[in-house]
Each structure stands twice: as C-alpha cells, then as structure tokens.
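Q: Quick one: this structure, given as structure tokens, is what I'll be asking you about.
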Amino acid sequence: MSGSDPNDFTESTEPFALFEAWLAEATASEPNDPTAMALASVDADGLPNARMVLLKGIDPRGFVFYTNTESAKGTELTGQRKAAGLFHWKSLRRQVRLRGPVEMVTPEEADAYFASRPRGSRIGAWASQQSRPLESRFALEKAVAYYTARHPIGEVPRPPHWSGFRILPVSMEFWHDRPFRLHDRVQFLREVPDGPWTVKQRLYP
C-alpha cells in the first residue's frame, strides 16, 4: 500500500497479498465472521444461486471452502465448474469480488480440515442431506442421534460426499467506500488461473 493514507491501496500489484492484508484488518474489526463470503454458482439452466459460506483457506492458487458435494451448491459447482465470491466488510467499508473456475481440494486437504471441526459438526455432516427436502425437525434430530450412536468414541471419518472447493480467480476487484459515492475500484485480471496477473485497472465507481 502507498502513501500516508491507510486506505490507499491503488499501488498494490499482487491481489492475493492485498486480500490477505485486508482480511487481517477485517479480522480485527468485524464483529462477526470476517471470513464470510457470498458464493454464487449457476445451475444447468444458467440460473444463478447465491448463499453465504465461510472461507477456510487461501493459498497462491485460490480461495477454499467446504460443503456437502451433493447439496445444491455442490452439484452446481461440480456441474459448471465456475463460481464467484464476494466479501463485504462493513466496518471497513470495503468489498472484494472474485470470479473464476473451481476445482475440488485433495482428499488429504479435506480430511485435514474435517478432522479440525468440532465433533458435533462432523456428526452433522453425516446427518444432513443438505438442500434436500426435510419432512420434520424430528427427522434431522433422529439422524443426528443415529450417527452419534454409530460413532460413540474415537474419530468421526469424513463422509464421502463432503469435501472442499477452491475458486481459482481470474478476476479480483477491490472496492473501498469514498465520499459522495466516488468509490475506489481496482480490478486485477489474468487469462488462466495459474498465470500472471496481466491487467490492473481502475474502474469507474
């Protein structure tokens, strides 16, 4: 970042480093879930879907989150292999948008993150048929009781239908609120996920 203005990010040349700096500030200032990301995907008919997920990892390849792969988002992501994400940090008046193809994380990555979750969350991953019709709350509680009894002690293994996705951004945009709606917007672009960032441009607010 440049100059004496801490909000002046316009000289940054590497978007992942800029994102991590913004995320660190959001972690200190946001009252709830600084890693919350609005995730957009599309179904087979091209109809978009959006929902909130939690970012669980960032590396030089992209942004990682986890889900039931048989859920609506799981089937859309495996079917269309593309997604968009949006972070909004209200306390900082900042947003980050990203778009690109998606890939599945490795089984080793999924196993490691699953093992780090609270035991109740691991049981819930087995019990919930995410996004599918639920006849009653009792049916869900019954499924939780069933899998709790099935795994009374020891490790709860990762379900085969539960894993992670990584968004491999080819576009990242950083937005910061400015007076009179004359916001700062800077966009980074590249042609392929593992390629260099070739375009950095300001956008009209």
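The values are calculated or read from the model by the stated rules, or taken from the named source; none is laboratory data. Everything numeric here is computed off the predicted structure, so don't read it as measured data. Ideal geometry is used to build each Cβ from the backbone, glycine not excepted, and the neighbour counts take in all protein chains shown.
Q: Looking only at region 105-130, which residues are within 29 Å of L168 (Cβ to Cβ), surrounded by fewer than 16 Cβ atoms within 10 Å (Cβ to Cβ) and in contact (Cβ under 8 Å) with a residue 24 or more places away in the chain?
A: P107, D111, A115, Q129
For (1) in contact (Cβ under 8 Å) with a residue 24 or more places away in the chain; (2) surrounded by fewer than 12 Cβ atoms within 10 Å (Cβ to Cβ); (3) part of a strand (DSSP E or B); (4) of a type in the set (V, I, T), each residue gets a yes or a no:
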residue: V96; (1), (2), (3), (4): yes, no, yes, yes
residue: L140; (1), (2), (3), (4): no, no, no, no
residue: A145; (1), (2), (3), (4): no, no, no, no
residue: P169; (1), (2), (3), (4): yes, no, no, no
residue: R185; (1), (2), (3), (4): no, no, yes, no
residue: G195; (1), (2), (3), (4): no, yes, no, no
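Q: Filter region 79-116 for residues that are over 24 Å from R158 (Cβ atoms), touching a strand residue (DSSP E or B) at 6+ places or on another chain (Cβ under 7 Å) and of a type in the set (D, E, K, R) and give the result.
A: K82, R93, R94, R97, R99, listed by residue number.
Q: What about V42, is it buried (at least 18 other Cβ atoms within 10 Å of the Cβ) and under 17 Å from P101 (Cβ atoms)?
A: It is false that V42 is buried (at least 18 other Cβ atoms within 10 Å of the Cβ) and under 17 Å from P101 (Cβ atoms).
Q: From R178, R202, grab the single residue that is loosely packed, with under 12 Cβ neighbours inside 10 Å and more than 23 Å from M37 (Cβ to Cβ).
A: R202
Q: So, one more: Does region 65-78 contain at least one residue that is assigned to a strand (DSSP E or B), free of Cβ contacts under 8 Å to residues at least 24 places away in the same chain and under 27 Å from V156 (Cα atoms)?
A: No, region 65-78 contains no residue that is assigned to a strand (DSSP E or B), free of Cβ contacts under 8 Å to residues at least 24 places away in the same chain and under 27 Å from V156 (Cα atoms).
Q: Which number in (1) out of contact with any Pro (no Cβ under 7 Å at 6 or more places or on another chain); (2) closer than 27 Å to S91 by Cα; (3) of a type in the set (F, W, Y) marks the one condition that Y146 misses?
A: (2)
Q: Would it be correct to say that Q129 is polar (S, T, N, Q) and at pLDDT below 95?
A: Yes; evaluated as a whole, the condition is true for this residue.
Q: Of the residues in region 1-35, how many are in a loop (DSSP other than H, G, I, E, B), at pLDDT 95 or above and closer than 19 Å to L203 by Cβ?
A: 0
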